[in-house]
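Peer 1: Before I ask anything, let me first share the structure, which is written out below as structure tokens.
The values are calculated or read from the model by the stated rules, or taken from the named source; none is laboratory data. Please read these numbers as outputs of a predicted model, since none were measured by experiment. Virtual Cβ from ideal backbone geometry, glycine too; neighbours counted across all protein chains shown. Heavy atoms of the whole protein, side chains included, go into the accessibility calculation; ligands, DNA and RNA do not. Shrake-Rupley method; radii C 1.70, N 1.55, O 1.52, S 1.80 Å.
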Amino acid sequence: QVQLVESGGGLVQPGGSLRLSCAASGSIGSIYAMGWFRQAPGKQRELVARVSSGGRRNYADSVKGRFTISRDHAKNTVYLQMNSLKPEDPAVYYCNLQRQSIDYWGQGTQVTVSS
């Protein structure tokens, strides 16, 4: 069983920053990818950023240059630093862990961008 606990969402003004955290626990082993997805109302869930067990990162085009994903292996934690937030960024952000082709999800954290 894998548990993912997210934190760090909230309300921020356009151009502001937020940092999301996701701590994994349980039977995760050592080889897994972690990442962040988001889902806005009426839209499909989409990949925001992902980091493999080997440290390879990939980002959605819409967040490149603004968001940075990082990972602390010792803490089984992944972070998403979000800078220059835009009105199109608000969504529920979900932490994801993929291990042996199985996806695990956090409960989601709301990010709101509003002046």
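Peer 1: Counting only protein heavy atoms, what percent of the accessible surface of the chain is carbon or sulfur at a 1.4 Å probe?
Peer 2: 46 percent
Peer 1: Give the residues of segment 94-115 whose amide nitrogen is closer than 13 Å to a point set 7 Å from the Cα of Lys43 in the direction of its Cβ.
Peer 2: Residues 94, 111-113 fall inside that zone.
Peer 1: Karplus couplings for segment 9-18 from phi (6.51 cos²θ - 1.76 cosθ + 1.60, θ = phi - 60°), rounded to Hz, Gly and Pro as x?
Peer 2: Result, rounded to whole Hz: x, x, 9, 9, 7, x, x, x, 10, 9.
Peer 1: Here is a further query. With a sphere of radius 11 Å drawn around the Cβ of Ala60, what net charge do the other residues whose Cβ falls strictly inside it have (Lys, Arg +1; Asp, Glu -1)?
Peer 2: Neighbourhood net charge equals +1.
Peer 1: Moving on to the next point. Loop by DSSP (not H, G, I, E, B), at most 16 other beta-carbon atoms within 10 Å: where is the longest site-free stretch of the chain for trypsin sites (Lys or Arg not before Pro)?
Peer 2: 1-42
Peer 1: When the Karplus curve 6.51 cos²θ - 1.76 cosθ + 1.60 is applied with θ = phi - 60°, which whole-Hz ³J(HN,Hα) does each residue of segment 87-94 get, with x for Gly and Pro?
Peer 2: x, 8, 8, x, 4, 8, 9, 10
Peer 1: Let me ask another. Determine the gain in length on full extension of the stretch Asn83-Gln110; use 0.36 nm per residue of separation and subtract their C-alpha separation, reporting nm with one decimal.
Peer 2: 8.1 nm
Peer 1: For Lys86, what charge total do you get from the other residues with a beta carbon under 14 Å from its beta carbon, if Lys and Arg give +1 and Asp and Glu give -1?
Peer 2: Cβ neighbours under 14 Å give a net charge of 0.
Peer 1: Give me the accessible area per residue for the chain, probe 1.4 Å, as a whole number in Å².
Peer 2: I get 53 Å² per residue for this part.
Peer 1: Can you spot the aspartates and glutamates whose alpha carbon is less than 14 Å from Lys75's alpha carbon? Ignore those fewer than 8 places along the same chain.
Peer 2: Those aspartates and glutamates meeting the cut-off are Glu6.
Peer 1: Sort out for me the Cα centre separation of segment 2-47 from segment 72-93, rounded to whole Å.
Peer 2: Value for the Cα centre distance between the two parts: 6 Å.
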